[in-house]
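The values are calculated or read from the model by the stated rules, or taken from the named source; none is laboratory data. Fair warning: this is a prediction, and the values are worked out from it, not measured in the lab. In this analysis, Cβ positions are derived from the backbone assuming ideal geometry, glycine residues included, and neighbour counts consider all displayed protein chains. Note: areas computed on protein heavy atoms with side chains; ligands, DNA, RNA excluded. Shrake-Rupley method; radii C 1.70, N 1.55, O 1.52, S 1.80 Å.
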Amino acid sequence: MSTATTAESEHEPSPPPQEVDLAAVFEDSGVKDVLHEIDETMIGLGPVKQRIREMVALLLVDRARRDMGLATETPTLHMSFTGNPGTGKTTVALKMADLLHRLGYVRKGHLVTVTRDDLVGQYIGHTAPKTKEVLKKAMGGVLFIDEAYYLYRPENERDYGQEAIEILLQVMENNRDDLVVILAGYGDRMDRFFSSNPGFRSRIAHHIDFPDYDDDELVRISQIMLDQQNYALDDEAREVLLRYVALRRQQPHFANARSIRNALDRARLRQANRLFLRNQGPVSREDLSTIRAEDLLASRVFTMGMPDADAAP
Amino acid sequence: MRLRQGQFSFLPDLTDDQIREQAQYAIDNGWAVSVEYTDDPHPRNSYWDMWCRPMFDNPDAAALVFEVNECRKEHGGKYIRVIAFDSSHGWESIRMSFIVNRPADEPGFRLVRQEVDGRSIRYTIESYAVREPEGRRYA
């Protein structure tokens, strides 16, 4: 379009500022609040928080450089989050979308969470529109691809995942202003995924590894979860929960905070059942909000040594 | 002759950024934006071809600009317009419509006079472009 260029040149850019107060930008953008929130609400994850702070510093400086005309390129912001299940990858991705929005790197700051099923089609010609549909939905925000390594299936060379990967790579490169892609998954499988898809490795600037929570952190997390629902553990139950965490960790399908949340959900169920069966007269506010040791001890983790994460409640 | 149809048609062509801002306005109002193309510029031609599905749930207009550019790759020599459909009760119709791409050469319209009933004349217009069959109208 020939007229487009004339319209742009009428738009004189204002002269670049000569100095910038990084602290003020940090305050004004509201990034500080989000970082504070991450520190407050997320237990543990020391290395992750450190990496986020480093990234925020980098992005703030980069924005200042662009304001002054020192840099013109949009930095690559695509990330990979690796870590075991239940280590807070999705939660951090949500906060990351918020941070990037406040820093002005994405326009809307919404998070679109997808897995292989949302990207890859079932027959020839189905994948490209499906992937594009998802990418369009994520534009202006962050696309979070959970268990991204499933996209690539080396054992089946006619797998449609490869097509999704190609479109993804193309958009990640050409529409860097429009969306940020976060790939998430288990550490070792993601490593294999990246080594077989070198295109991804070079397009991803930030690799963040999520460590497992230790027992103490998990108990603190469970307390936060219960607080949010107006439940509390009594002293005995707290001891039992610590033992539960230690035992549960050794069993298969341990998913960190997610396992704990499931355990607490089942404890609430048992508590409700207990209150109902032994109901003698009126139930007090305290009764309704206290989870006792017996609610946790009934778990099969203690009795059979069997995981109950995926079993019936 | 430059085709004057829809909004902004008396202005210079919109840049991608301007298209994005207009589409964002539509999206923020809850209207579904979509892309259409045609090679029949008659003003009464309401059957433009859909390029992609209407975007009901894309919060950001970058998606629309992306599709406009995809459509330009395929149908760069035709007219492409962006429309915004308002589904709310009482409207249920197009609220915005503007051309975002036009052929390099627009031949304009011919006035056709038809003599009827003695000396009466009926007038109609016909685009010079449609004298060629579909697909060959704009080089």
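Annotations
- In this label model, residue B:74 and residue B:117 are separated by 4.6 nm, measuring between points 7 Å along each Cα→Cβ vector.
- The alpha carbons of the stretch A:100-257 stretch over 58, 40, 28 Å along the principal axes, in descending order.
- Tail weight of P(r) past 21 Å, computed on alpha-carbon pairs of the stretch A:54-137, percent: 47 percent
- Estimated FRET transfer efficiency when R0 is 30 angstrom, pair residue A:25-residue A:76 (beta carbons, to 0.05): 0.90
- Principal axes of chain A: Cα extent on each, largest first, Å: 83, 53, 32
- The lysines whose alpha-carbon is closer than 26 Å to the alpha-carbon of residue A:95, local same-chain residues fewer than 8 away aside, are A:32, A:49, A:108, A:132, A:136, A:137.
- Calculated diffusion of the stretch B:1-89, Stokes-Einstein form, Kirkwood radius summed over Cα pairs, 37 °C and 0.692 mPa s, µm²/s: 242 µm²/s
- Using θ = phi - 60° in the Karplus curve 6.51 cos²θ - 1.76 cosθ + 1.60, the 3J(HN,Hα) couplings for the stretch A:158-169 round to 9, 5, 6, x, 4, 5, 4, 4, 5, 5, 4, 4 Hz; x is entered for Gly and Pro.
- Förster radius 35 Å - calculated FRET efficiency between residue A:220 and residue A:169 (Cβ-Cβ, nearest 0.05): 0.30
- Residue range of chain B that is longest and free of GluC sites (Glu not before Pro) which are both DSSP loop and sparsely packed (at most 12 other C-beta within 10 Å): B:1-91
- Accessible area expressed per residue, chain A, with surrounding protein chains retained (probe 1.4 Å, Å²): 53 Å²
- Of all beta bridges that DSSP places with both ends in chain B, some 95 percent have antiparallel geometry.
- Here is the list for the stretch B:42-139: trypsin sites (Lys or Arg not before Pro) lying in DSSP coil, each with at most 16 other C-beta atoms within 10 angstrom of its C-beta, are B:44, B:119, B:136.
- Mean per-residue shielding of peptide A:134-142 is 5, counting Cβ atoms of other chains within 10 Å of each Cβ.
- In range of the label at residue A:126: residues from the stretch A:138-161 whose backbone nitrogen is under 11 Å from the point 7 Å along Cα→Cβ: A:160
- In the stretch A:176-313, the alpha-carbon atoms span a convex hull of 156 Å³ per residue.
- Model label zone, residue B:95; criterion: amide N under 18 Å from point 7 Å along Cα-to-beta-carbon; scope the stretch B:24-41: B:24-35
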